[in-house]
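Let me begin by presenting the structure, written as structure tokens, before commenting on it.
The values are calculated or read from the model by the stated rules, or taken from the named source; none is laboratory data. Predicted model, so just to flag it, every value in this text is computed and none were measured. Ideal geometry is used to build each Cβ from the backbone, glycine not excepted, and the neighbour counts take in all protein chains shown.
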Amino acid sequence: MGYDLLNGKKRRFVPTTYSNSLVTNFNGEIYLENPSRNSQLLETYLNYKKNLGDSHRIDLTAGYSYQDFDEEYPSYRAYNLSTDIFGVNSTSPAANFEARNFVIENRLISFFGRANYAFRDKYLFTVTLRRDGSSRFSENNRWGLFPSAAVAWRITEEPFADGLKSVFSDLKLRLGYGITGNESIPDYGYIPSYTYSDVRARYQFGYENGLPVYVTTVRPNGYDANLKWEETASYNIGLDFGLMNGRISGTLEYYYKKTDDLLFTVNIPAGTNLTDRILTNIGELENSGIELSLNAFVVDTKDFSWNIGFNAARNKNKVLAIDQISNQGVLTGRISGGVGNFVQILQVGQPVNSFYVFQQLYGADGSPLQDGIDHNDDGAVNLADIYADVNGDGAVNDLDKRPFEKPAPDYLIGISSSLNYKAFDLSFTIRANAGNYVYNNNASNGGYFNIVNERGDIFLNNMHTSALVTNFQTPQYFSDYYVEDGSFLRLDNVTLGFNIPSKPGRPSLRLYATGQNLFVSTNYSGLDPEVNNGLDNNLYPRSRAFIFGLNLGL
């Protein structure tokens, strides 16, 4: 059983002297919010084990899980201040007020069971069944049934494998199949809901004392009453092995996963719902790959030991089908800059969220061709001067955008190591991704010369340094120049410790120093290539931490 409770407090004060180029007559703001979140958890299960003679063993488990989440975000906003004297301590100097409370509730209930059967520890069988119910779906689609099964064969237990035991200390072949469900979506997407307008979207209704009176409106949000579980069927075959009496062990596995009823937010035709984008079940997706993990005791003596772990994975994904959507695909990956710009796409036959951009043309010096110049000497200045006419129709428009690279890596590699020499120990972890790409939205959103005084000479903006390379005068959000190789090598952590074991009358002592996120090696020009979904837009930088500690045991 568990119960978590979190209460917060948020205070924001914007003085009347603050200049806001986007909102006229802003005149200061006070914002107060007291968020609270709580969650409840109950998990209970029964387990029964029994050996049936020398050859058979059964292990049965049945259980129930209950999870409940509640969040509230009451807030109060006062703006158009007459004085800054009180700061956030008083809203009395404000001319306008807004109060609202945002409430989120969801619940997940699960019934589950598992049966294990072993015959002479040589043939192993497992069957599981889950029935999960989520409040994020309607009553008709709330419950999902998710079975799985696996079988394993310990080859080294067979009489014919006696000759292999001189090489293999363990050799096990296993097969598995299972279905899992995904309900990780925003709440209330299946029912009608409404949103109050803010100061920028109110309706003028008459006058009072010669001044216009504005009324807060209530607008309906889009929803899909038929939302249901996203289901992924997984198939895998693996080989577990041990060598040199367990000094070296590892796993080699191939997997194939097919996702049905993929949950995604997509564009929809105007007039078919209450919004232009809706969360819905849209199609099918596949993932396949191979994984290898190794663990080795390189040295294992009384005074010195050294253990190394290595893992590598190769994954490919592809969109198989998109339901009720144009064959052109589904635009995803909204970016900052412009209005409603998307630089990724879900398209049948392509990797998930492939970047969907124009093919940039380059000059003899390797720099992108500058916009605003008639490079092709056709007497006009347009997109054809800087982008390739991919479909050969004599013009460059949205039809010339094409899927280009993807955010998911082709390869993932990890190395961990642990060394012990007498009282000293040293450990580290290194990770690497290869074949992943990142769209540098920071560069595309600010990397052009006209941004400096885009809103007039009163408001000056910062310009991204990429403009000094591209010489772009206007924003070029859809240039593949901004899609960069995001492969990286990262040293996650290093720990060095010194241990003094306990003795009668003397406690144990351990001194240690740890460094986290010590370095990353990459060709990516932005702050960090490891970003969500391959879109780098004002990424909050990862901290580099140095920790020194002492553990005392009595």
Margin query: Condition (residue is surrounded by fewer than 16 Cβ atoms within 10 Å (Cβ to Cβ) and small (Gly, Ala, Ser)) applied to the range 529-543: is it met by at least one residue?
Written below: yes
Notebook entry, point to check: Which members of the range 182-198 meet the condition of being modelled with pLDDT of 90 or more and of a type in the set (Gly, Ala, Ser)?
Noted result: Ser184, Gly189, Ser193
Check: Thr280 passes all but one of (1) in a strand (DSSP E or B); (2) exposed (fewer than 15 other Cβ atoms within 10 Å of the Cβ); (3) hydroxyl-bearing (Ser, Thr, Tyr); which number fails?
Finding: (2)
Note to self: Ser293 - would you say it is closer than 18 Å to Ser417 by Cβ, touching a Gly at 6+ places or on another chain (Cβ under 7 Å), surrounded by 14 or more Cβ atoms within 10 Å (Cβ to Cβ) and not aliphatic (A, V, I, L, M)?
What the structure shows: yes
Check: If you go through the range 445-455 one residue at a time, do you hit one that is in contact with a Phe, Trp or Tyr (Cβ under 6 Å, 6 or more places away or on another chain), over 24 Å from Ala313 (Cβ atoms), of a type in the set (A, V, I, L, M) and without any contact (Cβ under 8 Å) to a residue 60 or more places away in the chain?
Finding: no
Note to self: If I ask for residues that are among the polar types (S, T, N, Q), closer than 29 Å to Val352 by Cβ and in contact (Cβ under 8 Å) with a residue 12 or more places away in the chain, which ones from the range 262-306 would you list?
What the structure shows: Thr265, Asn267, Asn273, Thr275, Thr280, Asn281, Asn287, Ser288, Ser293
Margin query: For the range 487-525: of the residues being in a loop (DSSP other than H, G, I, E, B) and either hydroxyl-bearing (Ser, Thr, Tyr) or at pLDDT 95 or above (or both), which is farthest from the chain's Cα centre (by Cα)?
Written below: Ser502
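Quick check on the range 104-118. Is at least one of its residues surrounded by 14 or more Cβ atoms within 10 Å (Cβ to Cβ), more than 30 Å from Asn226 (Cα to Cα), touching a helix residue (DSSP H, G or I) at 6+ places or on another chain (Cβ under 7 Å) and modelled with pLDDT of 95 or more? Spell out how you get there, then give the answer.
Just the residues of the range 104-118 that are surrounded by 14 or more Cβ atoms within 10 Å (Cβ to Cβ), to begin with: 106-118.
Applying the additional criterion that residues be more than 30 Å from Asn226 (Cα to Cα) yields 114-118.
So of that shortlist, the ones also touching a helix residue (DSSP H, G or I) at 6+ places or on another chain (Cβ under 7 Å) come out as none.
Within the range 104-118 (the criterion being surrounded by 14 or more Cβ atoms within 10 Å (Cβ to Cβ), more than 30 Å from Asn226 (Cα to Cα), touching a helix residue (DSSP H, G or I) at 6+ places or on another chain (Cβ under 7 Å) and modelled with pLDDT of 95 or more), the answer is no, since none of the residues qualifies.
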Next item on the list: State whether the residues of the range 405-417 include one that is surrounded by fewer than 19 Cβ atoms within 10 Å (Cβ to Cβ) and of a type in the set (Lys, Arg).
Entry: no
Checklist line | Residue, surrounded by the most Cβ atoms within 10 Å (Cβ to Cβ), within the range 343-356, restricted to residues that are touching a Lys or Arg at 6+ places or on another chain (Cβ under 6 Å) and assigned to a strand (DSSP E or B) | finding: Ser354
Item checked: Any pair with Cβ under 9 angstrom, 6 or more apart, that starts in the range 129-158 at a residue that is over 23 Å from Thr61 (Cα atoms) and ends at one that is polar (S, T, N, Q) and surrounded by 16 or more Cβ atoms within 10 Å (Cβ to Cβ) -> Ser135/Asn106; Arg136/Asn106; Arg142/Ser134; Arg142/Ser135; Thr156/Ser169
Next item on the list: Could you list all residues from the range 307-337 that are part of a loop (DSSP other than H, G, I, E, B), without any contact (Cβ under 8 Å) to a residue 60 or more places away in the chain and either touching an Asp or Glu at 6+ places or on another chain (Cβ under 8 Å) or closer than 21 Å to Val438 by Cα (or both)?
Entry: Gly329
Next item on the list: Check Ala432 against each of (1) free of Cβ contacts under 8 Å to residues at least 12 places away in the same chain; (2) part of a strand (DSSP E or B) and name the one condition it does not meet.
Entry: (1)
Next item on the list: Tally the residues that are out of contact with any Asp or Glu (no Cβ under 8 Å at 6 or more places or on another chain), touching a residue at least 40 places away in the same chain (Cβ under 8 Å) and of a type outside the set (S, T, N, Q), restricting the search to the range 349-376.
Entry: 5
Margin query: So for the range 462-475 (the condition being over 26 Å from Phe355 (Cα atoms), assigned to a loop (DSSP other than H, G, I, E, B) and out of contact with any His (no Cβ under 7 Å at 6 or more places or on another chain)), does at least one residue qualify?
Written below: yes
Next item on the list: May I ask you to list the residues in the range 47-66 that are among the charged types (D, E, K, R) and either assigned to a strand (DSSP E or B) or closer than 23 Å to Arg107 by Cβ (or both)?
Entry: Lys49, Lys50, Arg57, Asp59
Margin query: Looking only at the range 21-36, filter to residues that are in a loop (DSSP other than H, G, I, E, B) and surrounded by 13 or more Cβ atoms within 10 Å (Cβ to Cβ); which one of those is modelled with the lowest pLDDT?
Written below: Ser21
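Please list, ordered by residue number, the strands (runs of 3 or more DSSP E) wholly in the range 90-158 having 2 or more residues that are small (Gly, Ala, Ser) and either more than 32 Å from the chain's Cα centre (by Cα) or within 26 Å of Asn236 (Cα to Cα) (or both).
94-119, 143-154
Answer yes if at least one residue in the range 69-82 is on the phi > 0 side of the Ramachandran plot and loosely packed, with under 15 Cβ neighbours inside 10 Å, and no otherwise.
no
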Checklist line | In the range 167-226, residue surrounded by the fewest Cβ atoms within 10 Å (Cβ to Cβ) [restricted to those that are in contact (Cβ under 8 Å) with a residue 60 or more places away in the chain and of a type in the set (D, E, K, R)] | finding: Arg200
Note to self: Any residue at all in the range 331-346 that's in contact with a helix residue (DSSP H, G or I) (Cβ under 9 Å, 6 or more places away or on another chain) and among the hydrophobic types (A, V, I, L, M, F, W, C)?
What the structure shows: yes
